[in-house]
Structure formats: structure tokens, C-alpha cells
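This report concerns only the one structure given below.
Throughout, read-outs are computed from the coordinates displayed, never taken from laboratory work. Everything numeric in this text was worked out from a predicted model, so none of it was measured. For neighbour counting, all protein chains shown are included, and Cβ atoms are generated from backbone atoms with ideal geometry for every residue, glycine included.
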Amino acid sequence: MAKTLRNGRARGEGRFVMLHHWMLTALAWRGLSPFAKCSVLAVWERFAGDNNGRIPLSRREAAAIIRCSEPTAWRALQEAVARGFLVCRQKGDYKLKPRHASEWELTALPVGNEPARKTFMRPASTENLEHGSTTFTRGSRRHPQNRPHG
């Protein structure tokens, strides 16, 4: 049996990613493609508790984690940025010596002493985007109230 600390936690308890219910039920999260969700989780996996805003992840590493091509991984990261889940703080480049990966910020988490931005919770981040648009037009097949009654 593992020894416990004074706060009741087990010593040597592994790291984990905590996804809050309010984030999982957000329209922006539900509208993300599966690859974009995986890219957010890939960045979150590298979060160490104090490095938000400096989380390194290159498109090559993202492609290996998500198990897709590099262009697909890059599009997934860009979709997560467009929806407000990620911010690219510093773009990486293969041409620089030494090479460095892009550095990311998770907007659901605070950066230093600043509170979390949570830009994905704002309505502007969920409207008129390619996947899972929240706007409906009259006669849309996705809107059940616009179907003719017969």
C-alpha cells in the first residue's frame, strides 16, 4: 500500500489532465474536430503546472502524438487557435539554429498571476466556423424547427 501525504494524496501519484465539465459542454469544444481536440490534449499533456504560455509542441511532435500527417496536425492546431483554446506565443521554425518548437498557451488555465482568458467561452469564438457552426439559416437541415410539418 502506498504511503499517503498529510493532504491525503498518495505519494508518487501520476500527472493527469483535468477537463472541467463547463469546458466539455462549451459549444466551441463540441464544435471542434476530433483532431483539434487531440491537439488541445497534446498541448495540455505537456503542461507542467508552471509553464503555461511556454508549452513546447512542434507540428511534427503533434503529428506523432495525434497519429496523423504534419499538415493535418497543423490544421488541427490552427482550428484550436481559431476556437480560442490555444494561443501560439512563439512560432517555431526549422530554419533556426538550434531548432525550436512552437510555444503554446492554454487559455483555460492561468498564465503566471494573470487569470485564465477562456476565450473559447465567448460567442465570437463559436460563430461562423467551419466545423460545428452554431448559426443556422432558415430552411437548414440541422435546425429541427424549420422543417415543414406534414
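See the values below:
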| read-out | value |
| --- | --- |
| Ascending count of other beta-carbon atoms within 10 Å, so fewest first, for E61, E45 | E45, E61 |
| Amide H within-cut-off set for I55, under 5 Å, with H built and near neighbours excluded | W104 |
| 3J(HN,Hα) from dihedral phi, the stretch 33-45, Karplus parametrisation 6.51/-1.76/1.60, rounded to Hz, x for glycine, proline | 6, x, 5, 5, 4, 5, 5, 4, 5, 5, 5, 5, 4 |
| Net charge of Cβ neighbours under 10 Å - reference W29; Lys, Arg +1; Asp, Glu -1 | +3 |
